[in-house]
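Engineer: Mind having a look at this structure? Questions to follow.
The values are calculated or read from the model by the stated rules, or taken from the named source; none is laboratory data. Owing to the predicted nature of the structure, the values given are computational and were not obtained by experimental measurement. Positions of Cβ are generated from backbone atoms using ideal geometry, with glycine treated the same way; all protein chains shown enter the neighbour counts.
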Amino acid sequence: MDAVAATQLSKSFGSVTAVDDVSITVPEGEIFGFLGPNGAGKTTTIRMLTGVLIPDAGSVKIFGTDVHDNPLGAKLKMGIIPENGTVYSDLTAVENILLTAKFFGMDKAAREERADEILDRIGLADRRDDLVRTFSKGMRQRISIACAIVHAPPLLILDEPTTGLDVYSRRLVIDTVRRMNREGSTVLLTTHNIEEANALCSVISVIDRGRIVATGSPERLKSTFDTSRYVEIAFEQPVIPGLLLAPGISRAEPWGDKWRVYCDDPDRAVKHLASVAERERLTIVSVATSKPTLEEAFVKLTGGV
Ligand SMILES: Nc1ncnc2c1ncn2[C@@H]1O[C@H](COP(=O)(O)OP(=O)(O)O)[C@@H](O)[C@H]1O
Ligand SMILES: [Mg+2]
């Protein structure tokens, strides 16, 4: 059964269409990434998936339970880490976790055992009894995650879980996500960080201006843009771009003090450019080849340069 089946979700705020006909399917066991620039509609989508916001159109099922018809039933299957974590500053670390565990109906012995286990897991065992108001942003985020995973939810939903965190907290958050997945939780997370999506997710949907513009594995998304390989080359002398063209080279553009030569095969292009330089008595100052990156795919998909 799919962990998340969202069909044709739409949501507008006044004249702004924040989410436009978005469908998402996350099979059980996946780490699914929802990647998009700021303002793309990630948080609005997450809020609809988690029953916080009622969509203008569309429906959401979490492990077969309709979020609209049975919000509590659906929520019990989710651990949610919202964009701006919701931890209680006036409670201690352990109190935050115990309170959430109680909300999920865990008995006292289970709550206490689990709270200590999780505090250890997120590296805050030694801060167990300190008020959360004294914590850094990264530590608060770890508490937010601790609360979300206390009931070992089959589905973990995280909205930009690592944005603005220090390196150590970021690593702990990523490790926790991976471990939860290994232990059986399906994960859906949003990010605007391409490298993070690349490193963590098995499937990515790219969202831009409220619409999904591509879905696939990071490798597949990258390979979609295989043709955007290029060679960057600088000559000491001015060059007429037509000189650089050849079969397999689609175009040559000035790029700072260099030329960007777009091609199918960088190896062949470099050999060709070297022969042109030789023939035309040009001095090559620098040369480098590119591999397609997810970043390029992302920039292309989201309408950048
Ligand atoms: N409560 C709201 N009221 C008005 N506009 C909103 C509201 N929430 C989001 N938006 C708008 O919807 C768009 C998508 O926002 P959001 O879902 O927060 O994007 P993301 O999380 O990808 O950065 C933005 O243009 C944002 O300004
Ligand atoms: Mg957001």
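Engineer: The conditions are (1) of a type in the set (Gly, Ala, Ser); (2) surrounded by fewer than 16 Cβ atoms within 10 Å (Cβ to Cβ); (3) not in a helix (DSSP H, G or I), and Gly242 fails exactly one of them. Which is it?
Structural biologist: That leaves (3) as the condition not met.
Engineer: Can you give me the ranges of the strands (runs of 3 or more DSSP E) entirely in the stretch 1-120 with at least 1 residues that are in contact with a helix residue (DSSP H, G or I) (Cβ under 9 Å, 6 or more places away or on another chain), within 16 Å of ligand 2 (Cβ to nearest atom) and closer than 25 Å to Val132 by Cα?
Structural biologist: Output list reads 78-81.
Let's see how each residue does on (1) among the charged types (D, E, K, R); (2) more than 26 Å from Gly105 (Cβ to Cβ):
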site: Phe135; (1), (2): no, yes
site: Arg140; (1), (2): yes, no
site: Ala146; (1), (2): no, no
site: Leu158; (1), (2): no, no
site: Tyr168; (1), (2): no, yes
site: Arg178; (1), (2): yes, yes
site: Arg182; (1), (2): yes, no
site: Ile204; (1), (2): no, yes
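Engineer: Condition check: assigned by TED's automatic domain parsing to the domain that holds Thr163, free of Cβ contacts under 8 Å to residues at least 12 places away in the same chain and at positive phi. Does Gly14 satisfy that?
Structural biologist: It is true that Gly14 is assigned by TED's automatic domain parsing to the domain that holds Thr163, free of Cβ contacts under 8 Å to residues at least 12 places away in the same chain and at positive phi.
Engineer: Taking only pairs six or more apart or across chains, which ones have beta-carbon atoms under 6 Å, a first residue in the stretch 57-71 that is within 13 Å of Lys11 (Cβ to Cβ), and a second residue that is among the β-branched types (Val, Ile, Thr) and not in a strand (DSSP E or B)?
Structural biologist: The qualifying pairs are Val60/Val67.
Condition check ((1) hydrophobic (A, V, I, L, M, F, W, C); (2) within 16 Å of ligand 1 (Cβ to nearest atom); (3) at pLDDT 90 or above) across all residues:
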site	(1), (2), (3)
Ser205	no, yes, yes
Arg211	no, yes, yes
Phe225	yes, no, no
Glu232	no, no, yes
Gln237	no, no, yes
Pro241	no, no, no
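Engineer: Being farther than 24 Å from Ala18 by Cα and either of a type in the set (D, E, K, R) or in the same structural domain as Thr50 (by TED's automatic domain parsing) (or both) is true for just one of Arg209, Arg182. Which residue is that?
Structural biologist: Working: Arg209 fails: farther than 24 Å from Ala18 by Cα.
Step by step, each of Arg209, Arg182 is checked, and only Arg182 is farther than 24 Å from Ala18 by Cα and either of a type in the set (D, E, K, R) or in the same structural domain as Thr50 (by TED's automatic domain parsing) (or both).
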